[in-house]
Every structure is written in C-alpha cells, then in structure tokens.
Amino acid sequence: MNNSIYKKLPFPYFEINEDFIITSSSLSYENIPFHDLLVPPLKLTFPQLLEEKEIMNLELNIHDCITSYDVYIVRDDENRLHLFCYPIKQQEVQNHTIAAVMAHEIRNPLTTVKGFLQLVRPNLVESGKATYADVAILEINRANDLIAEFLHTGKPYIHDKKAIVLNEIAEDVFMLFESKALLQQVSTQLSDFGKDVVVYGNEQQLKQVLLNICNNALEAMDKQKGVISIWLGADEKNARLVIKDNGMGMSPETVKRLFSLYYSTKATGTGLGLSISKRIIELHNGDLRISSTEGEGTTVTIELPLLDKGSAN
Ligand SMILES: Nc1ncnc2c1ncn2[C@@H]1O[C@H](COP(=O)(O)OP(=O)(O)OP(=O)(O)O)[C@@H](O)[C@H]1O
Ligand SMILES: [Mg+2]
C-alpha cells in the first residue's frame, strides 16, 4: 500500500511477509515479528490461523496498551498479508457479552409465559376476553423476534480472557453434570489427557459451551442404558474436546439445521444452545463440529488453538 495513504489510517494496519515480519505499518513497527504484538504469543498456531481465517479476534499490545481487535486479513499476489486491525472498545465488548447472555436467558421465562397464556386462553373465550391473550402472545412473539435479530447481528464479544487449563474446566463441568445425569440413570465418563491442555479464552463462556453440549446429550438419552463420555486431548497445534453420547441421534434434516437460531425439535427447547456455543468457539478462533447417526448417537468435537507449544508436551 502507498506509504502516505496507510500512515493516515485511523486504525492499526500491518503488512507482513511470509516469515511474519512486519514490512510496513501505519505505526512505527517495521522489521519486527508480528508475533511480538500478540497477547498471548500464539507462536505455534498463529501462522496456521492466518492461513485459514479471513477475520480473527486478536488481542494486540500496541504502544504498551492491550486492546481487542477484529483483524481483517487480505493476501496479495506476492504472498504478503495485509492486516487491518479494527479496535473493539472495551465498553462495547462488555455490553455485547452481557446483552447476548441476557437475550438467551430472557427466552426461557418468555417461553413459560407464552405456554401458560396458551393454556388459559380457552377459559377466556366465554367471557369474550380471548383477544387479550392473543395480543399478549403476539407481543411475546415480537419480543422473541427482536432477540433473534439481536443474536443474529450482535456479537457476544469475548472479554476477560486468560490462560485456561481445559482439564480443570472439563472436571468442573463434569462434577456439576454427573449428579444430574445419575438421577436419570445415565452414566458419565471423563477420560483425562494426563497432561495440562492450555488455551486462551473466557472461562465462563467455555463452561457454558460444555454444559450446553452435555445437556443436549442428556436430553437425547433413553433412560437406563445411556452413556455420555467426554474425552480431552491435543495434537501439537490444537486442544480437542470430544463429547460422545449413545442417545437417539439426529435425522439428516436436523444435522443440516442444528446451528440455526431457534431450531429445536424439543417441546421446551429454545434452539439457541448450539448456535451460541458455535459462535463462542469461533470467537476463540476454534471450531465446533457435530456428527450424528439416527438411533446410534452423537459426537461433538471442539477444537481450540493451544496457547503455546509447552501445553501439549
Ligand atoms: N446430542 C444430541 N443428540 C440428539 N439431538 C441433538 C443433540 N444435540 C442437539 N440435538 C438437536 O439439535 C437441536 C438444537 O440443539 P440446541 O441445543 O441448539 O437447542 P435445544 O437443545 O433444542 O434448546 P436449548 O436452547 O434449550 O439448548 C435440538 O433440538 C436437537 O434436535
Ligand atoms: Mg440444547
């Protein structure tokens, strides 16, 4: 990019070469490895992530100030990468996260209220007041639509990230979940990796993802012979969590639609659990995949970039 133009950009811009060295920048950061600006220094997985993604959520230390950025990545003909780093304001980050969690939680009481309104409506017909129930139900539908729209366009931005030992998260969730599963005579197994698997992320959000998936597994179970197993592992680049159940599985139609907002096959399901979980994992620069066979069971695989090489060894 022309020197005089990029110096005027109102946000950080970096051009980096194949060795990830900064060759031009809107700031005075030439000839140093781009890794040096990363918080934490994801040395091992960062080049791989750059190959795969067009936009990433990264924390950068620029002029001794750590800020969260949406980084847009453009590759040119000479294999250089141009990184346009759009700052996410802290207040915005917190507001979005709180709003997304609130939006999800508000759905449950609304569903209950709607259910009861539908239940009492026949009793109101005689006194000519059924239209009140109809108006109230329409209003609840409208509120639900507004929440769906927000969850679709608003991003639950990550804040409060730190190094996280996934083994501990898995154990915490497992403890919470084990007794609930036992009540339904479903047995649970947790196979530990034996070594600490460390990623960088938001503890509450990652726990929420794991709980959503475990709850889905439990809800898919036939009582008596159900088994849910959680397996934690890692290769040299990624942490991997696999949650497997031998429940009812999904039809091909459900497999296609399960990440759509509000898609649920359950009478009381909100259909938000998996869409939110997928978004959280993507905002951690990871991947959430699901495979399922009707009548046999379901396997959910979560991959997250390891914080650094040390955590896999
Ligand atoms: N382990 C599983 N086994 C079988 N079906 C599943 C499993 N996990 C998800 N599903 C299917 O995917 C759908 C969407 O799941 P999702 O968690 O997003 O919503 P939900 O569980 O219906 O509602 P909630 O918002 O309360 O979680 C479910 O309704 C179900 O049909
Ligand atoms: Mg669910």
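Considering only residues that are of a type in the set (Ser, Thr, Tyr) and touching a helix residue (DSSP H, G or I) at 6+ places or on another chain (Cβ under 8 Å), look in region 127-179 and name the one that is modelled with the lowest pLDDT. The residue in question is Tyr157. Candidates are the residues of region 166-185 that are among the aliphatic types (A, V, I, L, M) and touching a Lys or Arg at 6+ places or on another chain (Cβ under 8 Å); the one that is farthest from Asp222 (Cα to Cα) is Ile169. Taking Asn238, is it over 19 Å from the mean Cα position of the chain (by Cα), more than 14 Å from ligand 2 (Cβ to nearest atom) and surrounded by 15 or more Cβ atoms within 10 Å (Cβ to Cβ)? No. How about region 265-296: which of its residues are modelled with pLDDT of 95 or more and within 14 Å of ligand 2 (Cβ to nearest atom)? Across region 265-296, the qualifying residues are Leu288, Ile290, Ser292.
On the stretch given as region 251-261, residues that are assigned to a loop (DSSP other than H, G, I, E, B), among the hydrophobic types (A, V, I, L, M, F, W, C) and more than 8 Å from ligand 1 (Cβ to nearest atom) total 1.
Limited to region 198-223, what total is found for residues that are more than 12 Å from ligand 2 (Cβ to nearest atom) and surrounded by fewer than 18 Cβ atoms within 10 Å (Cβ to Cβ)? Residues flagged as more than 12 Å from ligand 2 (Cβ to nearest atom) and surrounded by fewer than 18 Cβ atoms within 10 Å (Cβ to Cβ) within region 198-223 amount to 5. Return yes when Ser264 is polar (S, T, N, Q), surrounded by 15 or more Cβ atoms within 10 Å (Cβ to Cβ), near ligand 1 (Cβ under 9 Å from one of its atoms) and free of Cβ contacts under 8 Å to residues at least 24 places away in the same chain and no when it is not. Yes: the conditions hold for Ser264. Within region 241-250, if we keep just the residues that are part of a strand (DSSP E or B) and crowded, with 20+ Cβ neighbours inside 10 Å, the residue that is farthest from ligand 2 (Cβ to nearest atom) turns out to be Leu241.
Could you tell me whether any residue of region 251-260 is away from ligand 2 (no atom under 16 Å from the Cβ), closer than 28 Å to Ser68 by Cα and either buried (at least 16 other Cβ atoms within 10 Å of the Cβ) or at pLDDT below 90 (or both)? No, that holds for no residue. For Glu18, the criteria (1) surrounded by fewer than 17 Cβ atoms within 10 Å (Cβ to Cβ); (2) modelled with pLDDT under 80 hold in every case but one, which is (2).
Filtering Ser229, Ser291 for residues that are part of a strand (DSSP E or B), exposed (fewer than 15 other Cβ atoms within 10 Å of the Cβ) and either within 15 Å of ligand 1 (Cβ to nearest atom) or at negative phi (or both) leaves a single hit, Ser291.
Taking Ser291 as the residue in question, decide whether it is within 21 Å of Leu190 (Cβ to Cβ), polar (S, T, N, Q) and out of contact with any helix residue (DSSP H, G or I) (no Cβ under 9 Å at 6 or more places or on another chain).
Criteria not met by Ser291.
Of everything in region 47-79, what is aromatic (Phe, Trp, Tyr) and in contact (Cβ under 8 Å) with a residue 40 or more places away in the chain? Give them in sequence order. Scanning region 47-79 gives a single hit, Tyr69. Among residues of region 184-193 being out of contact with any helix residue (DSSP H, G or I) (no Cβ under 8 Å at 6 or more places or on another chain) and not in a loop (DSSP other than H, G, I, E, B), the one that is farthest from ligand 1 (Cβ to nearest atom) is Ser191.
Candidates in region 194-221 are the residues that are outside any helix (DSSP H, G or I) and without any contact (Cβ under 8 Å) to a residue 40 or more places away in the chain; of these, the one that is farthest from ligand 1 (Cβ to nearest atom) is Gly194. Cβ separations smaller than 7 Å between residues 6+ apart or across chains give the following pairs from region 80-108 residues that are within 30 Å of Gly271 (Cβ to Cβ) and away from ligand 1 (no atom under 16 Å from the Cβ) to residues that are at pLDDT below 75 and among the small types (Gly, Ala, Ser): His96/Gly154; Ala99/Gly154.
The values are calculated or read from the model by the stated rules, or taken from the named source; none is laboratory data. Just so it is clear, the structure is predicted and the values come from calculations on it, not from any experiment. Counting neighbours? That spans all protein chains shown, and the Cβs are built from the backbone with ideal geometry, glycine included.
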